[in-house]
1. Can you tell me which residue in the stretch 12-42 is farthest from L151 (Cα to Cα), limited to those that are touching a residue at least 40 places away in the same chain (Cβ under 8 Å) and in a loop (DSSP other than H, G, I, E, B)?
2. If you go through the stretch 372-391, how many residues are within 27 Å of the chain's Cα centre (by Cα) and either crowded, with 16+ Cβ neighbours inside 10 Å or in contact (Cβ under 8 Å) with a residue 24 or more places away in the chain (or both)?
3. Which condition from (1) basic (K, R); (2) in contact with a strand residue (DSSP E or B) (Cβ under 8 Å, 6 or more places away or on another chain); (3) surrounded by fewer than 17 Cβ atoms within 10 Å (Cβ to Cβ) is the one that R90 breaks?
4. Of the residues G65, G13, G74, G38, only one is modelled with pLDDT of 80 or more and at positive phi; which?
5. With the requirement that a residue be at pLDDT below 85, touching a Gly at 6+ places or on another chain (Cβ under 8 Å) and buried (at least 17 other Cβ atoms within 10 Å of the Cβ), what does the stretch 221-254 give you?
6. Output the number of the condition that E83 fails; it satisfies all remaining conditions of (1) surrounded by 12 or more Cβ atoms within 10 Å (Cβ to Cβ); (2) farther than 25 Å from S404 by Cβ; (3) free of Cβ contacts under 8 Å to residues at least 24 places away in the same chain.
7. Kindly indicate which of L186, L168 is in contact (Cβ under 8 Å) with a residue 40 or more places away in the chain, surrounded by 14 or more Cβ atoms within 10 Å (Cβ to Cβ) and over 23 Å from F44 (Cα atoms).
8. For the stretch 323-347, which residues satisfy the criterion of being of a type in the set (A, V, I, L, M) and modelled with pLDDT of 90 or more?
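The values are calculated or read from the model by the stated rules, or taken from the named source; none is laboratory data. Just so it is clear, the model here is predicted, and its values are computed rather than measured. Cβ sites come from the backbone with ideal geometry, for glycine too, and all protein chains shown count toward neighbours.
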Amino acid sequence: MHETAYGYTDRHGHLKIASVRVMCASGMSAADEFILWGLLALTFNQPSPSTEFHATPHYCMRKLGLIDSTTGKGGKDYRLFRETIKRLARVMYENSAFYDPIRGEHRDVGFGFLKYSLPIDPVSSRAWRFIWDQQFFELCQATGGGLWFDLETYRRLDFASRRLFVFLQKLFYRTKETPALDVRKLCIDTLGFSATIEVRNLKQKLLRSIRRLAAEGIVTVAGGVDREVLFVKHGVGRYTVSLQRGPYFDGRRADKAPLTTEESPLVDPLRSVGFDDASISRILRDYATNMVQEWVDITLAAKERHGADFFKKSPAAYFMDNIQHATEGRRSPPDWWRELRQEEARRQRDADREQFEQVSVVSEEAAFRQYLEGEARDAFESVMKRLTSDLTSRGKTFEEAEESSRYMARLHFLNRFRKERSQPA
């Protein structure tokens with residue numbers, strides 16, 4: 001768990017303090033944020049971005065530059081990618097005064113990043129299903145109309161410069177120049193440098209990141225990127241810095257060109273079914289994306305589960321027959337496929353439960369369960385119902401909404417339980 005705070009000014013110009021808490025049940029790697037923002041960028045690059053993004057790990061890693069087109073499907077890179085997704089799915093973020101660009105005000109928020117549904121077989125050709133947290137997705141979508149920065153630029157940056165880039169992008173959406181930023185707070189709370197580093201060294205590290213962004217045209221600095229001009233001293237060890245929006249952001253709001261066949265995340269699964277490029281182009285043109293996602297997954301699941309004898313003609317013929325009838329409203333997914341999806345969801349819940357038990361002290365877990373079954377029972381159920389109702393109203397199925405609500409409510413009450421136990425009687 002990481003806790004921090006930062007200052008901001010309200011609409012009346014009064015200084016306020018926002019408290020932030022990030023809970024990472026499985027910890028975090030410094031490279032995990034690249035996967036997070038990369039997957040978001042791939043999601044928003046689709047013709048009709050939604051909270052669900054279906055793609056094979058091979059597609060994601062190839063588009064993110066983690067592998068090349070000749071890399072085989074399997075091995076250490078894919079295992080590490082899967083582990084990263086699991087870590088990201090267990091992150092919860094809370095902020096007492098998060099700036100909501102949709103409503104134009106600071107609000108008390110709490111959300112996760114994503115959930116996932118992966119094939120049980122690690123070498124499966126089926127697409128992975130990433131389900132973005134609804135609130136997180138909407139906030140990212142509202143920031144500049146979507147995370148439209150190009151991955152090539154993001155990939156070229158070092159860890160600290162990437163964080164500064166994402167932070168400044170949010171500010172530059174609303175203003176051409178940042179307010180005076182406290183150097184120490186910026187370096188520690190935003191860029192992730194150690195609080196034990198002296199200010200003079202933090203200034204050097206920050207200067208390197210600023211110069212890196214200036215080279216990409218992301219920022220401009222009045223008077224040039226010179227240390228003596230850039231930093232304003234306010235006392236012993238107290239400095240501020242202000243940055244201006246660079247030419248990188250000019251003209252980047254234009255409509256994106258439509259994805260080519262090779263750029264669609266559905267290409268790999270359709271090839272695994274047996275279609276050539278010309279057929280894939282025709283399928284992607286003639287059928288809705290969500291329909292193709294569903295029936296290509298069913299076809300590949302049938303192929304892997306039942307073998308070639310399951311198909312009267314071929315997997316491709318099975319796919320075409322089903323999607324044509326489904327488009328006309330005369331066919332629904334088979335029961336065995338629904339059962340398979342439920343089994344995958346159950347395994348995910350079991351993995352989450354196992355991880356939760358690993359990071360919890362046994363005595364604390366027992367006391368927490370007693371707490372939920374006793375004094376917090378009514379409040380827990382009330383929060384559960386409210387969250388479930390909110391999620392179902394936003395398009396989630398009741399089962400998905402209930403699962404997410406139980407997970408979020410449990411984390412919320414666990415934090416409250418710990419806080420109450422830490423306070424003196």
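1. That would be A25.
2. Taking the stretch 372-391 first, the residues within 27 Å of the chain's Cα centre (by Cα) are 380, 383-391.
Still in the running and either crowded, with 16+ Cβ neighbours inside 10 Å or in contact (Cβ under 8 Å) with a residue 24 or more places away in the chain (or both): 380, 383-384, 387-388, 391.
Residues in the stretch 372-391 being within 27 Å of the chain's Cα centre (by Cα) and either crowded, with 16+ Cβ neighbours inside 10 Å or in contact (Cβ under 8 Å) with a residue 24 or more places away in the chain (or both): 6 in total.
3. (3)
4. Details: G13 fails: modelled with pLDDT of 80 or more; G74 fails: modelled with pLDDT of 80 or more; G38 fails: at positive phi.
After applying the criteria, what remains is G65.
5. If the condition is that a residue be at pLDDT below 85, touching a Gly at 6+ places or on another chain (Cβ under 8 Å) and buried (at least 17 other Cβ atoms within 10 Å of the Cβ), then L230 is the only one that fits.
6. (2)
7. Values: L168 fails: over 23 Å from F44 (Cα atoms).
Answer to the check: L186.
8. I323, A326
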